[in-house]
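What follows is a short report on a single structure.
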Amino acid sequence: IKHGEFDWQNHVGDRYVPERVVSDDPEAWNPDDEVFVPLYGPGDELLGILSIGDPASGLRPSNEELGLLVGLAHYAAQALAAAQTAIVRERHRAALEELMHISSGLTQTLSTDSILQSVCNGISKALGFQKVCVDLLADDGVTLVTRAAAGWDGDRLLTENLSFAEIAPLFDSEYEVAGCFLVPNAIARQRVATSQVVYESELNGRGPHAWDHHWLVIPLQGPQEEIIGVIWVDEPEDRLQPSEERLQALRIFANQASSALTLATQFEQMRYLADHDPLTQLPNRRAFMRELQRTVAEAAEADTPLALVVLDLDGLKEVNDRHGHGTGDDCLVRVGRLLHTELRPRDQAFRIGGDEFAILLPNTTGPGAEEVTGRLVDWLERSSRSSILRVEASFGIAVRSSTEETQEGLLRAADEAMYRAKHERKLARARS
């Protein structure tokens, strides 16, 4: 491109123009001259442009020199294509290694946060994105809360929660590739409120394949294909839009994250069921014995009071025989709900048998435990007056002392006190 054949002022970007005195030779090189040689790949795709200037001879290159330059550019393009292929191959290998590492982690830990952090680190390391984060839907089903991240300031992520309903317009099939949604910035800004724009890309490029403030989000799906969260990725190190193969790898990482979440949820459900009574939703006897041992040890170490209350529902068998087990179950549920609502936050209630419950009262003396049981008795009496079913209970209280330092001793003392109370109630009914 000879001097004067092209208007370089027409917004072509920064341009280097050397200071050179132009000779009188008609073929003299002018500082405004340019030589560009396109670099084409094996499929005739444009890989780059070779630019030369300021020749040592001070003359414009001859046709023979231009032909030689084209030949050199051809070999340079082949070398560039081979290097790019090697990078893709290495990235693919690294992605497989990270995926295998994450897969093995699923069998070693059921910590959701640990697995999600491995996914973020794997995407960043293997696929070349400097910023990655995983957001999961909160219990309200709307708010997205960050659970793991790589390359971000943690404090910022904790304060920047998004709304799933407001980012849902990004999930348009027009911009979907391999289960990932790559949305141009202009389109994303039209569809998403400004409150949802918490970051803008810095590693942007120029050209048809360049990353230019794009939005790349991968939805995480639960076992019923419901959306349970998203993965955000940004800042590609090569400043290019990811290829389909790279997006496929992203999707696989997202699937691993989804699998980890499903396994962790199932594990939590099984652990909950193992420690809770399915009818009343109170912790069961297994959980009670574990907590009793722990609280007795803590009270002994700190030399603080600890009270244990054991209560047994009176007449539940008669309710079952007369009205059916469904009605008896309703009584148990009512008592469970009572213990949920009437106890202090630090107290713990358990269903330890068919009609038997236990209450652990940390930092509570005998009078304090009697006050708690008094409130429960009043509630049962009020409830019975408003129902055709009368539910009563016998209570036994034991307080940690030098003679009841062990969990077995404390439980035995509470049981004995409860059976004495039950016996006294029977005698009182007989006398009346």
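Remarks
Here is a yes/no grid of residues against (1) under 27 Å from D238 (Cα atoms); (2) in contact with a strand residue (DSSP E or B) (Cβ under 6 Å, 6 or more places away or on another chain); (3) not aromatic (F, W, Y):
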residue	(1), (2), (3)
A138	no, yes, yes
D172	yes, no, yes
A178	yes, no, yes
L182	yes, yes, yes
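- Residue within region 242-255 that is among the aromatic types (F, W, Y), under 30 Å from I49 (Cα atoms), in contact with a helix residue (DSSP H, G or I) (Cβ under 8 Å, 6 or more places away or on another chain) and crowded, with 17+ Cβ neighbours inside 10 Å present: no
- Qualifying residues in region 47-58 (those that are touching a strand residue (DSSP E or B) at 6+ places or on another chain (Cβ under 6 Å) and of a type outside the set (G, A, S)) - the one surrounded by the fewest Cβ atoms within 10 Å (Cβ to Cβ): I49
- For Q266: the one exception among (1) among the polar types (S, T, N, Q); (2) over 12 Å from L182 (Cα atoms); (3) touching a residue at least 60 places away in the same chain (Cβ under 8 Å): (3)
- One residue alone among A86, A79, A126 is among the hydrophobic types (A, V, I, L, M, F, W, C) and surrounded by 17 or more Cβ atoms within 10 Å (Cβ to Cβ), and that residue is A126.
- Of the residues making up region 87-146, those that are among the aliphatic types (A, V, I, L, M) and at pLDDT below 85 are I87, V88, A94, A95, L96, L99, M100, I102, L106, L110, I115, A126.
- Residue check, D303 within 29 Å of G328 (Cα to Cα) and either out of contact with any strand residue (DSSP E or B) (no Cβ under 6 Å at 6 or more places or on another chain) or surrounded by 15 or more Cβ atoms within 10 Å (Cβ to Cβ) (or both): no
- Candidates V192, V197, filtered to the one that is among the hydrophobic types (A, V, I, L, M, F, W, C) and buried (at least 18 other Cβ atoms within 10 Å of the Cβ): V192
- Those residues of region 301-331 which are in a helix (DSSP H, G or I) and either of a type outside the set (D, E, K, R) or under 30 Å from N363 (Cβ atoms) (or both), in sequence order: E301, A302, L316, V319, N320, H323, H325, G326, T327, G328, C331
- Exclusive hit being of a type in the set (V, I, T), surrounded by 13 or more Cβ atoms within 10 Å (Cβ to Cβ) and not in a loop (DSSP other than H, G, I, E, B), set V22, V37: V37
- Taken residue by residue, region 226-239 has no member that is assigned to a strand (DSSP E or B), of a type outside the set (F, W, Y), without any contact (Cβ under 8 Å) to a residue 40 or more places away in the chain and surrounded by 12 or more Cβ atoms within 10 Å (Cβ to Cβ).
- Those strands (runs of 3 or more DSSP E) of region 114-207 in which at least 1 residues are in contact with a Pro (Cβ under 8 Å, 6 or more places away or on another chain), considering only elements entirely within it, cover 129-137, 180-183.
- Residues within region 230-268 that are within 11 Å of L220 (Cα to Cα) and acidic (D, E), tallied: 0
- Residue in region 80-90 that is over 28 Å from H209 (Cα atoms) and either charged (D, E, K, R) or not assigned by TED's automatic domain parsing to the domain that holds L250 (or both) present: no
Residues are listed down the side, and each one gets a yes or a no for (1) part of a helix (DSSP H, G or I); (2) more than 18 Å from L380 (Cβ to Cβ); (3) without any contact (Cβ under 8 Å) to a residue 60 or more places away in the chain:
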position: Q293; (1), (2), (3): yes, yes, no
position: A299; (1), (2), (3): yes, yes, no
position: V333; (1), (2), (3): yes, no, yes
position: R337; (1), (2), (3): yes, no, yes
position: F357; (1), (2), (3): no, no, no
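- Residue that is modelled with the lowest pLDDT, among those in region 36-76 that are among the hydroxyl-bearing types (S, T, Y) and more than 21 Å from D14 (Cα to Cα): S57
- Residue match in region 278-291 (condition: loosely packed, with under 14 Cβ neighbours inside 10 Å, out of contact with any helix residue (DSSP H, G or I) (no Cβ under 8 Å at 6 or more places or on another chain), assigned to a helix (DSSP H, G or I) and among the aromatic types (F, W, Y)): no
- Every pair of residues 6+ apart whose Cβ atoms lie under 9 Å, when the first sits in region 65-94 and is of a type in the set (K, R) while the second is part of a helix (DSSP H, G or I): R91/A126; R91/L127; R91/E245; R91/R246; R91/A249; R93/A126
- Flag if T365 is assigned by TED's automatic domain parsing to the domain that holds E416 and surrounded by 13 or more Cβ atoms within 10 Å (Cβ to Cβ): yes
The values are calculated or read from the model by the stated rules, or taken from the named source; none is laboratory data. The shown structure was predicted, so the numbers you read here are calculated from the model rather than taken from an experiment. Here the Cβ is made from the backbone with ideal geometry for all residues, glycine too, and neighbour counts use every protein chain on show.
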